[in-house]
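Some notes on the structure that comes next.
The values are calculated or read from the model by the stated rules, or taken from the named source; none is laboratory data. Computed from a predicted structure; not experimentally measured. As a convention, Cβ positions derive from the backbone with ideal geometry for all residues, glycine included, and neighbour counts pool all protein chains shown. Accessible surface areas use protein heavy atoms only, side chains included; no ligands, DNA or RNA. Shrake-Rupley method; radii C 1.70, N 1.55, O 1.52, S 1.80 Å.
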Amino acid sequence: EHFQRNGYRVYATGKIFHNNHHTVPLFGKDRFGAPASFGPFPWDGKARHGFDVRHPAMKPPWGLNGFETIVPLSEVPVVTADESKGVPGFSGWRDRGRPFRYLHDDDRDKMVDELSVDFVRKLLATDPSNEQPFFITVGFLRPHCPWVVPKKYFDLFPLESIQLPPYLPDDLDDCGEFMRQMKKNSSWYTRLERLEQAYGDQLGWRMWIRAYLACVAFVDDRVGELLDALDASPYAENTVVVFTSDHGFHMGEKDLLIKKTCWEEATRVPLIIRAPGVSRANLACKTPVSLVDIYPTLVELCDLPQQPNSDGNGQLLDGVSLRALLTDRGIVSWTGPGAALSVIEGNDPVKIGEVPRMERQHFTLRTERWRYVLYNNGDEELYDHSADPHEWKNLAGD
């Protein structure tokens, strides 16, 4: 909105505003590309949503629903009819409320991430004589579940070559009580356990990591296609590029295959910024920063008014511009905070329009050396990353 009010053409595609809430009034139909979709999913011919249906190749107790599918697109689901439940049965994938056509990997419907790249390619191929600047947001869905992509990406990672992450048995023993309770009360937190029950010790774990890596490789190709299109356009040398993610993910550490935790695996994300004429190539920065820093960074790089709410409620922007960290001087000229704060929802029920109570959430603070965690029940954790990069030893009691 701030860029739009300052003369920018604004476009978006994919998963924006979490499943496209509020996108039509902001972008209009012509400036929004592919709608968000987590699919394709298996379907049974009846269920309202494909993600309610287990892929028939998934062995119980894994695969509680379509979101827990870990197979290539080539394993087309065939769901058997069940007259007792009124299910007619269905063969094929389903996406965005309709069948997803698949004959083989080279003859099929495109997935949403592929459609998003097509949308941006067309934008970058428009008449460069239009001097109005643009702001494009591309929300890639993968590697979000279900972990389903073309088979060639699975083939990049033979199952026998999969390496498991560093792992400590009983890692949760010295952690806060909250996480131990979540493992008892939520099927999300028992994914690794259910995989091992279904496929045997470590095999299911390797299958899951393989599917996740395949999805990462799939979206990596899409990012490459998008950047190739930018490089081939007239805009390559005056376009800022930011690559990031909304959260991290546990790969089995602390017995979890999930995102919502206060630990390194879930809260640390990739953040790469390329600003022509400002940033230096291949410059790595260890200063902890936050996603709220992206807004003021882009405002400064594009020379927009610093405070977008000055004519409205007067609320100042959170975050600090990262421009200084993009240059050779880097940390020498950095005047921002030395820590990054993350807030993990405490599952405290609120009504629509209510502000969640801050004291009911969970907090974690990361400096270059330390991670501190405070849960809403008062439990604490402290990890020294200089000696304990995997956060195995909780020092909060010392």
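Things worth noting here:
- Residue 320 accessible area, assembled protein chains, probe 1.4 Å, Å²: 50 Å²
- Cross-link partners of residue 254 among aspartates and glutamates, defined as those whose alpha carbon lies under 13 angstrom from its own and excluding same-chain residues fewer than eight positions apart: 170, 171, 173, 174, 193, 264, 265, 391.
- Accessible-area composition of the stretch 1-65, carbon plus sulfur, in percent [1.4 Å probe]: 53 percent
- Rolling a 1.4 Å probe over the protein chains gives residue 233 an accessible area of about 20 Å².
- Counting only heavy atoms of the protein chains and using a 1.4 Å probe, residue 100 has close to 10 Å² of accessible surface.
- The stretch 154-281, accessible area per residue, ligands and nucleic acids excluded (1.4 Å, Å²): 48 Å²
- Rg/Rh (Cα only; Kirkwood hydrodynamic radius) as it applies to the stretch 258-304: 1.04
- Violating pairs (Cα-Cα greater than 23 angstrom) within the set 259/393; 183/351; 46/152; 85/110; 85/183: 183/351; 46/152; 85/110; 85/183
- The chain, helix-only ellipticity at 222 nm - DSSP H runs n ≥ 4, -39,500 (n - 2.57), divided by all residues, nearest 500: -6500 deg cm²/dmol
- Neighbourhood net charge (12 Å Cβ-Cβ; Lys/Arg +1, Asp/Glu -1) for residue 241: -1
- Rg and Dmax [Cα atoms of the chain; Å; Rg one decimal, Dmax integer]: 22.8, 70
- Ranked order, 268, 357, 180, 194 - accessible area, probe 1.4 Å, largest first: 268, 357, 180, 194
- Distances between every pair of Cα atoms in the stretch 24-175, grouped in 10 Å steps from 0 to the bin holding the largest one, split as 9, 30, 28, 20, 11, 2, 0 percent.
- The accessible surface of the stretch 145-297, taken with every protein chain in place and a 1.4 Å probe, is 53 percent carbon and sulfur.
- The distance from the alpha carbon centre of the stretch 168-220 to that of the stretch 52-131 is 24 Å, rounded to a whole number.
- Ranking by accessible area, most exposed first, for 43, 370, 205 with a 1.4 Å probe: 370, 43, 205
- Rounded Å value of the spacing that divides the Cα centres of the stretch 321-398 and the stretch 241-260: 15 Å
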